[in-house]
1. Return the residues of segment 133-190 that are within 19 Å of the chain's Cα centre (by Cα), small (G, A, S) and surrounded by fewer than 19 Cβ atoms within 10 Å (Cβ to Cβ); say none if nothing qualifies.
2. Do any residues in segment 190-210 that are over 12 Å from I116 (Cβ atoms) have Cβ atoms under 7 Å from those of residues that are assigned to a helix (DSSP H, G or I) and among the hydrophobic types (A, V, I, L, M, F, W, C), where the two are at least six apart or on different chains, and which pairs are they?
3. Given the criteria without any contact (Cβ under 8 Å) to a residue 40 or more places away in the chain, within 27 Å of I204 (Cα to Cα) and not in a helix (DSSP H, G or I), does I85 qualify?
4. If a residue has to be of a type outside the set (S, T, N, Q), part of a loop (DSSP other than H, G, I, E, B) and at pLDDT 95 or above to count, how many in segment 182-218 make the cut?
5. Quick one: in segment 241-267, which of the residues that are under 23 Å from S150 (Cβ atoms) and assigned to a loop (DSSP other than H, G, I, E, B) is farthest from the chain's Cα centre (by Cα)?
6. Give the residue that is farthest from the chain's Cα centre (by Cα), with candidates limited to residues of segment 12-56 that are closer than 19 Å to S113 by Cα and of a type in the set (S, T, N, Q).
7. Can you name every residue in segment 1-45 that is hydroxyl-bearing (S, T, Y) and at positive phi?
8. Would you say G215 is in contact with a Gly (Cβ under 6 Å, 6 or more places away or on another chain) and within 30 Å of S264 (Cβ to Cβ)?
Amino acid sequence: MPFVQVQSGLTIRYECEGRGPPLLLISGTGHDLSFWAGTLPLLSTRYRCIVFDNRGVGDSSVPEPGYALRDMADDALSVLDVLGIERAHVMGFSMGGHIAQEFALNYSHRLLSLGIHHSWARNDPRLEGFQRIRRRLAQLGEIEALADMSLFGIYGQNYYQTHLLEMRERRTRLIETLPTRLKGWEGQLDACLRGDTYERLPAISVPTVITCSDGDMIVAPHRALEIHDRIAGSRYHLLHGTGHVALIEQPDVFARICLEFLRSLPG
């Protein structure tokens, strides 16, 4: 397992798959690099896909809460640096999409394009409430409640009902791994609650694709449209019949949207 040590002294685990132009993929809250597993078979046919464990989860370091999404964007940059990659396509999902926004705003010279998937630029009462409850559950060590709250929230109703065995297996894995990662969840959720890129979005000028789902109970489509309206020339895609984690519920559909965007870029 390759690791990179970032400026703060933390270690970040990363992996690469495929050949072609570099495509950095940033995961959502509480998810390790396996978050992108369903999409890699398609994405890696044309791109060198780089996935990594955000600080706080997987095999990366678990620092004390108090860091920001900007710090997590710096971690992503360190992964590109250790691989000697000067410029890359960068895509993030959910919290990863918010980190990708920070990456674009602070390191635009390192970007070929940007993907902001099922994400947001600023909190609203519903999203903030969901994140505050999960942060509190992490602080209290309420592992089963945190696992249930997360699974109920991020999966669409139809997918959840028709994949009950998978949901039970995911719940079991969460409960097994959470005890050593509660500080990581707390730190990531705290960073999400304090994150806000809304006013700065017009400064993003690289080719950008934005996705959302009509069944997302956490980040409604109007949150994606809010980003789309503030990034000139961005492209918007609404997926149908999926919840928050469309890359898991419909990985092939989601991957094709990403590939079509990437293939359409000049050069």
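1. G153
2. A191/L69; A191/M72; C192/M95; G195/L69; R200/L105; A203/L105
3. Values: without any contact (Cβ under 8 Å) to a residue 40 or more places away in the chain: no; within 27 Å of I204 (Cα to Cα): yes; not in a helix (DSSP H, G or I): yes.
Taking the combined requirement at face value, the residue does not satisfy it.
4. Initial filter on segment 182-218 (of a type outside the set (S, T, N, Q)): 182-187, 189-196, 198-204, 206-207, 209-210, 212, 214-218.
Now drop any that are not part of a loop (DSSP other than H, G, I, E, B), which leaves 195-196, 204, 206-207, 214-218.
This time we only want the ones that are at pLDDT 95 or above, so: 195-196, 204, 206-207, 214-216.
Selection size over segment 182-218: 8.
5. Selected residue: G241.
6. T45
7. At the first step, the residues of segment 1-45 found to be hydroxyl-bearing (S, T, Y) are 8, 11, 14, 27, 29, 34, 39, 44-45.
None - no residue of segment 1-45 is hydroxyl-bearing (S, T, Y) and at positive phi, so the list stays empty.
8. Details: in contact with a Gly (Cβ under 6 Å, 6 or more places away or on another chain): yes; within 30 Å of S264 (Cβ to Cβ): yes.
Spelling it out, G215 is indeed in contact with a Gly (Cβ under 6 Å, 6 or more places away or on another chain) and within 30 Å of S264 (Cβ to Cβ).
The values are calculated or read from the model by the stated rules, or taken from the named source; none is laboratory data. Given the structure is predicted, the values throughout are model-derived calculations rather than measurements. So basically every Cβ, Gly included, is an ideal-geometry build from the backbone, and we count neighbours across all protein chains shown.
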